[in-house]
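Let me begin by presenting the structure, written as structure tokens, before commenting on it.
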């Protein structure tokens, strides 16, 4: 009686083309390179944090009267932190719907030739230097917004955001926020466009086959599928707005005030702009104070990215990306 023989495993085309030892070697090399890259990133972040903490510690432990303003480091950095977050929120509120709309137009509405041209233009806008945006904000946008600020003060002056008096130069927090929105728009639009293009074609065709209009199809399939990607784009834009330096320093007429007024000459500054404006003429403890404010900005950016990752992880199961 013959014993049953086992069937040898069937070799695939990939196994025939790539020797087994060489494939394992390639996997090990790639895995090691990826691990090394991750370690380099962690070491770089740790080095930046260690430098900021070490150099900023004298300001964190100094007597309150030795810090600029005479009220301690917390009193010095809180107005700057408020201005940083305030300007970034304004930019995000303006740029997010615009980036989603432009991304949808390029991916689902524009003809292919026009969509390709618009995509190139959006990508090129991301390469424009911050100084150019700052000059555009000073010499074009700020003067053009002065009549609008006067109308806002006249019509909506009862709101704390437009209480005025309106700035005669236009270099206000609202102007700085709009400049930041324009700077954030290219990267946010590029991310949203690519996310919308990844929507499964089968889902779009099924929605249209059931009688949905193009907008209903986008609302039912494209936007839910790209929700986590839109959050990622918004967080990338927020990170750009939080860390922007030169454009804000050039456009914003900062006085250090803590106010919600968007159109007056009394404006809070931002951490990055304050460092850029004051660092060249600072020395001693003043330098340590500026570095300590950089540590606060580093912590804020890290917290924003951590929260963004948590939001994206929670949204991923509903986005359709894991289907």
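The values are calculated or read from the model by the stated rules, or taken from the named source; none is laboratory data. Note that the structure is a prediction, hence the values are computed from the model and not measured. Here Cβ is always computed from backbone atoms with ideal geometry, including for glycine, and neighbour counts include all displayed protein chains.
Considering each of 170, 177, 119, 164 in turn, give the residue that is touching a residue at least 60 places away in the same chain (Cβ under 8 Å) and at positive phi.
Numbers: 170 fails: touching a residue at least 60 places away in the same chain (Cβ under 8 Å); 177 fails: at positive phi; 119 fails: at positive phi.
Selected residue: 164, the only one of 170, 177, 119, 164 that is touching a residue at least 60 places away in the same chain (Cβ under 8 Å) and at positive phi.
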task: Output the residue which, of all residues in the stretch 207-259 that are buried (at least 17 other Cβ atoms within 10 Å of the Cβ), in a loop (DSSP other than H, G, I, E, B) and out of contact with any strand residue (DSSP E or B) (no Cβ under 9 Å at 6 or more places or on another chain), is modelled with the highest pLDDT.
output: 226
Subset of the stretch 72-116 (residues that are over 27 Å from residue 304 (Cβ atoms), without any contact (Cβ under 8 Å) to a residue 60 or more places away in the chain and either out of contact with any helix residue (DSSP H, G or I) (no Cβ under 7 Å at 6 or more places or on another chain) or not in a helix (DSSP H, G or I) (or both)): 105, 110, 111, 112, 113, 114, 116
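For the stretch 2-10, state whether one or more residues are in a helix (DSSP H, G or I), farther than 30 Å from residue 282 by Cα and modelled with pLDDT under 80.
Taking the stretch 2-10 as the starting set, the residues that turn out to be in a helix (DSSP H, G or I) are none.
No.
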query: Looking at the stretch 263-311, which of the residues that are part of a loop (DSSP other than H, G, I, E, B) and more than 30 Å from residue 150 (Cβ to Cβ) is modelled with the lowest pLDDT?
result: 282
- request: Could you list, in sequence order, all residues of the stretch 189-206 that are in contact with a helix residue (DSSP H, G or I) (Cβ under 7 Å, 6 or more places away or on another chain), closer than 19 Å to residue 234 by Cβ and part of a helix (DSSP H, G or I)?
  value: 189, 190, 191, 192, 193, 195, 196, 197
- prompt: Regarding residue 58, is this residue surrounded by 13 or more Cβ atoms within 10 Å (Cβ to Cβ), in a helix (DSSP H, G or I) and in contact with a helix residue (DSSP H, G or I) (Cβ under 6 Å, 6 or more places away or on another chain)?
  reply: yes
